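Chemist: Please see the structure below; I have some questions.
All of the numbers you see were taken from the coordinates with simple rules; none came from a lab. Nothing here was measured: the structure is a model prediction, and the numbers come from that model. Cβ placement follows ideal geometry from the backbone for every residue including glycine, while neighbour counts extend to all protein chains displayed.
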Amino acid sequence: MRTQVVIIGSGPAGLLLGQLLTNAGIDNVILERSSKTHVLSRIRAGVLEEGTAQMLDEAGVGARMRQEGLPHDGFDLAFDHRRHRVDLRGLTGGKRVLVYGQTEVTHDLMDGREASGAISVYEARDVQPHDFNAANPSVTYEKDGQTHRIDCDFIAGCDGFHGVSRQAVPNNAIETFERTYPFGWLGIIADVPPVGSELIYANHPRGFALCSMRSTTRSRYYVQVAADENVEKWSDERFWDEIRLRLPRQTAEAMTTGPSIEKSIAPLRSFVAEPMRFGRLFLAGDAAHIVPPTGAKGLNLAASDVRYLFDAFREYYLENESSGLDAYSAKALARVWKAERFSWWMTSTMHRFPDQGAFGQKIQHAELDYLFQSRAALTMLAENYVGLPL
Ligand code: APR
Ligand code: PHB
């Protein structure tokens, strides 16, 4: 079999790239290790920058998002027993974000792919990229006990942090940068109305908490826990008690509780691999970088990589121009590092660190206090949160 671009991974990055390529008449095949159901069962963040939402529109899969997504003009930071609003719209000249779950984004993209008739192979085992430093790369995989091979022009590694694409690159050709944080997020979903109409990020002596939502009837809440915490130890009751302790009193009292329908702990990590191109292999999304969830940049960064990569493929195939492909890695990394900086900053500002000490805590408090005294400082937060320019 032969195609123009083999995409490894059917997460948001691979699906969005595939949809844009297909719409532009560029042939592509997606190879995914897991089943469709498994991919759809993963729960992640749910805040879309306008640039991400526009790409989903451009891909032709934005209708449900525009209908069901909740536009948010701001959010709150809570500390010192009070909530302080960050007026995203006012601070950024009219920009806002859209609250719409990543699971729904993936769903819409999968439906779009199915409607387009483009090929996706799910449960493709032992996917391996070959010869990407030569003119004729290929990808092999196993399916139903048989080995298959697809010859192609390019390989897009959209297979997430644990994928095979980055691992296929020789160690001496890649440099990685990493920070792990000494805590995780325990998150639940419950069919109760969200405590406020906007998100609340709370810094509290007992640890960070976040009140988010999936809809006006479904809440998504998180509390910071130790990195080695066991989710089994957290009954729903314990979770609700803990999150209420970390919120200002009035907010805690207004919170509706109920049975959780999902509960899990996620570690926090910052990670970047450089470069993002190796001959005819291009990395995009979590395959190349991870951000901690504070600030909700993961999916949005995957989308901006795809923006640059798709534009470069389109220029190559439709205009016979390869400079976009040559510029891809540097262009994507410049935006990636700014989102890394922002996610690290927001994580550092909002969490309790075990080794923070009294000095660290005073500095953190001064940082928060300063934000709400300085329009310049708050604008820094707002312009990063709504998404830096592409
Ligand atoms: N072969 C084929 N597919 C693979 C392989 C492999 N060896 N390894 C991983 N995959 C698949 C995974 O099963 C997953 O479906 O690649 C996909 C990668 O998807 P994500 O992890 O969602 O990564 P990405 O598309 O870059 O998404 C970026 O979405 O999922 C979030 O946390 C992520 O917010 C980030 C954003
Ligand atoms: C979420 O709704 O899951 C969410 C929202 C904002 C974040 C992280 C996660 O910063």
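Chemist: Quick one: which residue in GLU32, GLU50 is more than 11 Å from ligand 1 (Cβ to nearest atom) and either touching a helix residue (DSSP H, G or I) at 6+ places or on another chain (Cβ under 6 Å) or on the phi < 0 side of the Ramachandran plot (or both)?
Modeler: Working: GLU32 fails: more than 11 Å from ligand 1 (Cβ to nearest atom).
GLU50 is the lone residue from the list that is more than 11 Å from ligand 1 (Cβ to nearest atom) and either touching a helix residue (DSSP H, G or I) at 6+ places or on another chain (Cβ under 6 Å) or on the phi < 0 side of the Ramachandran plot (or both).
Chemist: A follow-up question, please. Can you list the strands (runs of 3 or more DSSP E) lying wholly within segment 77-151 that have 1 or more residues being more than 30 Å from TYR385 (Cβ to Cβ)?
Modeler: 119-121, 125-130, 138-143, 146-151
To keep it simple, each residue is scored yes or no on (1) without any contact (Cβ under 8 Å) to a residue 12 or more places away in the chain; (2) over 15 Å from the mean Cα position of the chain (by Cα); (3) part of a helix (DSSP H, G or I).
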residue: SER10; (1), (2), (3): no, no, no
residue: ILE30; (1), (2), (3): no, yes, no
residue: ARG33; (1), (2), (3): no, yes, no
residue: GLY51; (1), (2), (3): no, no, yes
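Chemist: Here's something else I'd like to know. So ALA124 passes all but one of these: (1) among the aliphatic types (A, V, I, L, M); (2) crowded, with 21+ Cβ neighbours inside 10 Å; (3) in contact with a helix residue (DSSP H, G or I) (Cβ under 6 Å, 6 or more places away or on another chain); (4) farther than 25 Å from ILE200 by Cα. Which condition number does it fail?
Modeler: (3)
Chemist: What's the number of the condition ASP236 fails, among (1) touching a Ser or Thr at 6+ places or on another chain (Cβ under 7 Å); (2) more than 16 Å from ligand 1 (Cβ to nearest atom); (3) within 26 Å of GLU68 (Cα to Cα)?
Modeler: ASP236 satisfies every listed condition except (3).
Chemist: Condition (residue is touching a Cys at 6+ places or on another chain (Cβ under 8 Å) and among the small types (Gly, Ala, Ser)) applied to segment 169-192: is it met by at least one residue?
Modeler: no
Chemist: On to the next question. Working carefully through the options LEU247, LEU283, find the one that is among the aliphatic types (A, V, I, L, M), surrounded by 17 or more Cβ atoms within 10 Å (Cβ to Cβ) and within 13 Å of ligand 1 (Cβ to nearest atom). Quick ask: steps written out before the conclusion?
Modeler: On the way: LEU247 fails: within 13 Å of ligand 1 (Cβ to nearest atom).
Going through LEU247, LEU283 in turn, the sole match is LEU283.
Chemist: Continuing with the same structure: If ALA287 satisfies all but one of (1) small (Gly, Ala, Ser); (2) closer than 27 Å to GLU104 by Cα; (3) more than 16 Å from ligand 2 (Cβ to nearest atom); (4) out of contact with any Asp or Glu (no Cβ under 9 Å at 6 or more places or on another chain), what's the number of the condition it fails?
Modeler: The number of the failed condition is (4).
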